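One structure is given here, and the rest of the page talks about it.
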Amino acid sequence: MTATDPTEFPVKPARRHVGRRGDVIFRWVAQLSGVLILALIVAITAFLVGRAVPAFRRTGFGFFTERTWSPDAAHPRFGIEALAFGTVVSSICALVMAVPVALGSALFLTEVAPPRVGRLTGYLIDLLAAVPSVVYGLWGIFYLVPRLKPVERSLDGTFGFIPILHSRDSAYGRSLFDASVVLAIMILPIIAAIAREVFRQVPVEDREAAMALGATRWETIRLSVLPYSRGGIVGAMMLGLGRALGETIAVALVLLSVFKVDFHILERGGNTIAANIATKFGDAGARGREALIASGLVLFAITLVVNVIARGVVYRTGLAAEGRP
């Protein structure tokens, strides 16, 4: 027998048995983790539905059309029309503001800036996601809102012919526009971080092929980077939208709480579902808590629908990228 004879080091069956046991344990742990997540979602849904049913019975369909909030009064009237309107409008406006900046910064850091500068600047942008929301709210109410008034006045004077950018009373500050700016700053690092990782996953061969054919840097980005990253960009946008929909303290601090449905976002006032829950829950009675939980159920449903739509868009985008119908 030589030193290189394979029979000198026989494979021990016990090790194969240990390996199989590890695979079995890993499979069970993974399955239990997946089931646990589903169980948590079902438990949260059951809790919200069980606590919200009395409020729905008390108001009926008026819960979705009423614009006032007095569930503990002798003659209770409450609904989420104004709250849902403020939630959706402020989140969409924040997304419109944040997406171009986030994608532009991600493209600059991955495609234009030197690698060392890109990494360092990316870390600094990611730090924005670690700032507590209450800090954003305090910064917004004491620093940002006063400095946004000239901007709002300029927007009204220049684009006032567009109803959404017109203020009928020329009273600016603590409006849906201000809340949207704060939300845009809060969701920007999330979208930018995901977009950077998606852009880095673009195959180097695609970039080199475009440049070999004489494409400029912008043409390379437009023809190679953006089409490949479309699904990831949509996913990043939806994650940012989900964060904006559920934001509470920052919006509650910035907005002047007024229950109204008005597309003039430069005018003072507005409210969102999450902010209303945060400000009203402590002083609410039994019926008020039921109403607030019912509004939380609606917010949960809105977020779920947004995520389902996002998953569908990402899935169809992936099929299109693979050339399948």
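Taken together, the values in this text are just the output of simple stated rules run on the coordinates, not laboratory data. Owing to the predicted nature of the structure, the values given are computational and were not obtained by experimental measurement. A quick note on method: Cβ atoms are made from the backbone with ideal geometry, for glycine too, and the neighbour counts reach across all protein chains shown.
Summary of computed values
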item: Positive-pole candidate from VAL306, PRO203, ALA284, dipole of region 195-325, charges at beta carbon; result: ALA284
item: Cα-based helix-to-principal-axis angle, 13-59 vs the chain, degrees rounded to 10; result: 10 degrees
item: Distant-in-sequence amide H partners of GLY269 (H built 1.01 Å from N, under 5 Å); result: SER175, LEU176, LEU256
item: Of LEU304, LEU32, LEU40, the one that fluctuates the most in a GNM where the chain has Cα springs shorter than 10 Å; result: LEU32
item: Note, ³J(HN,Hα) from phi for region 221-228, Karplus 6.51, -1.76, 1.60, rounded to Hz, x at Gly and Pro; result: 5, 5, 9, 10, 7, 5, x, 5
item: Folded to 0 to 90 degrees: helix 115-127 orientation relative to the chain principal axis, Cα; result: 40 degrees
item: Value in Å of the Kirkwood radius, where the chain supplies the Cα pairs that are averaged; result: 23.3 Å
item: Residue-count net charge about LEU155 - beta-carbon cut-off 13 Å; Lys, Arg +1, Asp, Glu -1; result: -2
item: The chain: angle of helix 286-321 to the longest principal axis, Cα-based, in degrees nearest 10; result: 40 degrees
item: Other-chain or far-sequence residues with amide H under 5 Å of ARG77's (modelled H); result: SER70
item: Cleavage-rule hits, chymotrypsin sites (Phe, Trp or Tyr not before Pro), region 147-255, DSSP coil, Cβ neighbours within 10 Å at most 12; result: PHE161
